[in-house]
Amino acid sequence: EVVQHSLEQSLCNSAIEYAKHAGVLIGDRLGNMGKVEQKKNASDLVTEVDKLSEDYIRHKIQTEYPKHWILSEEDCGQADSYETFKSHKTGYGWIVDPIDGTTNFIHGIPHFAVSIAVVKDGEPIIGVVYNPMTDELYSARKSFGAYRNGQRIHVGDESVLAEAVVATGFQASDFKAGSRVVKQIDALAGKSRNIRMLGAASLDLCFIASGRITGFWHEGLNPWDTAAGILILAEAGGNSTDKEGNPYFLFHDSLVASNGKIHDEFLKTIKP
Ligand code: IPD
Ligand code: CA
Ligand code: CA
Ligand code: CA
């Protein structure tokens, strides 16, 4: 019990250290991101800096926690993430998004983050999300609350959609006229206070956790987008489900997150 407690505290300290250092590497390369490559299409990009950040974080984990598995976006994440996860899901593992919000980074929009989670037996126990441009570091340890720069954070208490600012985003392959997200936005129009598309899913979850926005939904996210953020949100009193309302699991294809209080009304409104 005591040994596990101090191991998990040191995992948390390590995740914070890695996220901050990677954030500095990224911030230094804003406006100088090197070669930009297309992955699946013109909305799906990766830069040298994504890889630099990921290589640094992977190297630190491999050196300091050589027995832990790692799932990260630019390395092995694309092809067989679920298989990787299933075959390694026992014990401790790390789920890493080296830059969440690459499009913002490429366009010089100062809203992106490093997202690092530690998972134990399939469940996030530590989550860290760091935006180097605002120097805001969100962190949580399971059962120990959620924090921004050391201050405890909580979800907001909006109780109806009419008081809620909600956010969403398109998965790169789904930015098309008539897509489900477009219809969901139409269904929400005039019902929520307003809507945002901020471009970094990990930060959307942290924004709900700290009361800046009230809800977020997104299809087609990957575990590295959500693993840290959903723990931070849960520890701040929020809720995350799939679009049917089932508790969110890292490989669910849809995520609906909120402060909890608007959750049912939100689910009902965006129901396809
Ligand atoms: C993306 C961001 C974005 C979301 C995309 C994600 P990336 O992650 O989280 O907000 O809309 O679906 O892929 O590619 O910048 O790490
Ligand atoms: Ca990406
Ligand atoms: Ca991401
Ligand atoms: Ca990324």
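With 10 angstrom as the radius, rank Asp50, Asp97, Asp75 by how many other C-beta atoms surround their C-beta, starting from the fewest.
Starting with the residue having the fewest Cβ neighbours, the order is Asp75, Asp50, Asp97.
For Ser10, Ser179, which order do you get if you count the other beta carbons within 10 Å of each Cβ and list the fewest first?
The most exposed by this proxy come first: Ser10, Ser179.
Would you work out which of Val2, Ile126, Ile116 lies farthest towards the positive end of the dipole of the range 2-152, given +1 charges on the beta-carbon of Lys and Arg and -1 on that of Asp and Glu, about the Cα centre?
Final value for the positive-end residue is Val2.
Report relative contact order for the chain in percent, whole number only (criteria: Cα-Cα under 8 Å, sequence separation at least 6).
Computed value for the chain: 17 percent relative contact order.
Can you spot the lysines whose alpha carbon is less than 28 Å from Lys268's alpha carbon? Ignore those fewer than 8 places along the same chain.
Straight-distance partners of Lys268: Lys176, Lys183, Lys191, Lys243.
About its Cα centre, what dipole magnitude does the range 161-270 give when the only charges are +1 on Lys and Arg Cβ and -1 on Asp and Glu Cβ, stated in debye to the nearest 20?
So the magnitude is around 340 debye.
Residue by residue, what Karplus-based ³J(HN,Hα) values in Hz, rounded to whole numbers, does the range 242-249 have, using 6.51, -1.76 and 1.60 with θ = phi - 60° and x for Gly and Pro?
Once rounded to whole Hz, the list reads 8, 6, 8, x, 6, x, 5, 10.
Taking the Cβ of Ala187 as the center, what net charge do the other residues with Cβ under 13 Å away carry, scoring Lys and Arg +1 and Asp and Glu -1?
Once all neighbours under 13 Å are counted, the net charge is +4.
So the label point goes 7 Å from the Cα of Thr103 along Cα→C-beta, right? Which residues of the range 26-44 then have their backbone N under 20 Å from it?
What the label zone holds, given the 20 Å backbone N cut-off, is 30-44.
Please list, ordered by chain and number, the residues whose modelled amide H lies under 5 Å from the amide H of Ala167; skip anything fewer than 5 residues away on the same chain.
So Ala167 has HN proximity to Arg196, Gly215, Phe216, Trp217.
Charges at C-beta only: +1 for Lys and Arg, -1 for Asp and Glu. How large is the resulting dipole of the chain about its Cα centre, in Debye rounded to 20?
My answer is approximately 400 debye.
FYI, it's all coordinate maths here, none of it is from the lab. Predicted model, so just to flag it, every value in this text is computed and none were measured. Note: ideal-geometry Cβ built from the backbone for every residue, glycine included; neighbour counts use all protein chains shown.
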